[in-house]
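Step one of this worksheet: look at the structure below.
The values are calculated or read from the model by the stated rules, or taken from the named source; none is laboratory data. These numbers were taken from a predicted model, which means no experiment stands behind them. So basically every Cβ, Gly included, is an ideal-geometry build from the backbone, and we count neighbours across all protein chains shown. Please note that ligands, DNA and RNA were not included when accessible areas were found on the heavy atoms of the full protein model with its side chains. Shrake-Rupley method; radii C 1.70, N 1.55, O 1.52, S 1.80 Å.
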Amino acid sequence: MQEISSVNASLAEIQMLRSQYEDLGTSYRAKIERLEFIEAGHELTDRHPAPANCPVCGQAVPEDAQEHFTPTTQAEKRVLVQRLAGLEDTLVGLAKEEQPLLAKRDTLRQEATRVAVFIAKKLQPRFIELKQQIADYKATIELKTEREQLLERKKDIEDEIRQKEAIKFDKPDLGVERILPEEFWGIFSGYLLNTLGAFAYPDLKEAYLSKETFDAVVNKKTKKDQGHGYRSLINTGMLLSLRDFFASIHSKHNPSLLVIDKPLVGFDDPQENPDLKIYYDKIPEAVYEYFTLYPGKGQIIIVDNPKTMADISIIQDKANIIRFTKKINEGRYGFLVGLTDTDIISTPANEETESPHAK
């Protein structure tokens with residue numbers, strides 16, 4: 001590129017000089033033509049005598065009033081002709097000097113085009129490939145750094161886990177054996193076994209309340225070892241068994257009210273095993289039928305989702321069914337009578353707004 005620029009600069013200088021010389025040559029030619037015109041005029045006028053009388057009035061023209069034109073000397077013309085010839089020689093020299101520069105410029109332009117094509121076809125794709133490789137390399141370095149940080153964090157967590165696992169905790173003494181009478185365990189376990197049996201618990205063989213964990217053990221398995229749906233079923237059985245105990249002669253206090261939230265969570269999961277599907281269809285009906293038994297033991301309030309409930313037609317004549325619809329003109333909006341979500345949302349202290357339901 002620098003060489004082409006240098007050649008272009010030389011060509012521009014030659015072209016500028018040639019233009020100046022051509023202008024000067026034009027000026028010389030004009031002067032020569034003017035001198036030749038004057039010479040030709042003198043030759044023509046010299047053929048006739050100079051007028052002695054005025055062509056208008058006819059009077060004689062005084063000698064001193066007659067103009068005399070000095071003919072142009074051949075010397076001035078020869079000087080101009082010589083200068084013009086030298087100028088034309090200079091122009092010929094400039095043209096000779098310009099030709100190799102033009103040829104060199106064409107060669108350099110062809111070489112520049114060849115280099116540009118080589119860059120576009122060979123170097124540019126390679127440049128893009130190397131650029132992508134650099135980006136991948138940087139990403140690899142960042143991932144490696146992040147991996148090392150995660151490994152260090154993993155090591156710290158493992159060390160913390162080992163430290164916590166090494167801590168020895170004394171088994172807590174719930175003290176329930178000292179608080180509850182000895183006959184409580186057998187009575188409660190009997191209630192639990194009967195309740196789970198009424199629930200159609202599959203393959204039920206035994207169920208009792210553990211003194212160590214104060215939780216249910218069914219078929220020699222603790223509650224945490226049961227499936228999600230069966231854990232909910234056992235929890236419901238525990239609550240109903242406790243209700244039965246409070247309502248029995250063995251208890252001095254009977255709250256007479258039991259609230260259960262979604263007693264069959266997990267039973268809405270689809271089952272592909274046909275044996276399990278039978279239980280998943282049968283258990284909800286058994287549970288809701290059990291809810292309607294023994295009305296004299298108090299009130300039961302159940303909050304449930306229709307997806308996990310049994311066909312409520314079997315209990316609609318034995319229970320007060322309230323449907324919460326979140327709609328103002330259909331069923332009941334929510335648990336609080338006459339209130340909607342907007343009624344219980346807190347408003348800023350500076351806003352003097354009041355719900356019409358709160359009046």
- Query: Once you put a point 7 Å from the Cα of Gln149 and another 7 Å from the Cα of Phe214, both along the Cβ direction, what distance in nm separates them?
  - Reply: 4.6 nm
- Pull out the extension gain between Ile128 and Arg332, defined as 0.36 nm times the separation in residues minus the alpha carbon to alpha carbon distance; nm, one decimal. 66.7 nm
- Message: Among the listed pairs Lys168/Lys211; Lys211/Lys262; Lys252/Lys297; Lys155/Lys221; Lys211/Lys252; Lys168/Lys205, which have their C-alpha atoms separated by more than 25 angstrom in this model?
- Response: Lys211/Lys262; Lys155/Lys221; Lys168/Lys205
- Query: When the chain is fully extended, how far beyond the present Cα-Cα distance does Val79 get from Met16, taking 0.36 nm per residue of separation?
  - Reply: 20.2 nm
- Task: Give the residues of the range 282-299 whose amide nitrogen is closer than 16 Å to a point set 7 Å from the Cα of Asp317 in the direction of its Cβ.
- Result: 289, 292-293
- Task: Name all residues of the range 83-97 having a backbone nitrogen under 18 Å from the label point set 7 Å from the Cα of Ser27 along its Cα→Cβ direction, giving them as ranges.
- Result: 83-91
- How many Å² of accessible area per residue for the range 200-330, probe 1.4 Å? 64 Å²
- Item | Separation between Cα centres of the range 143-167 and the range 296-343, rounded to whole Å | 50 Å
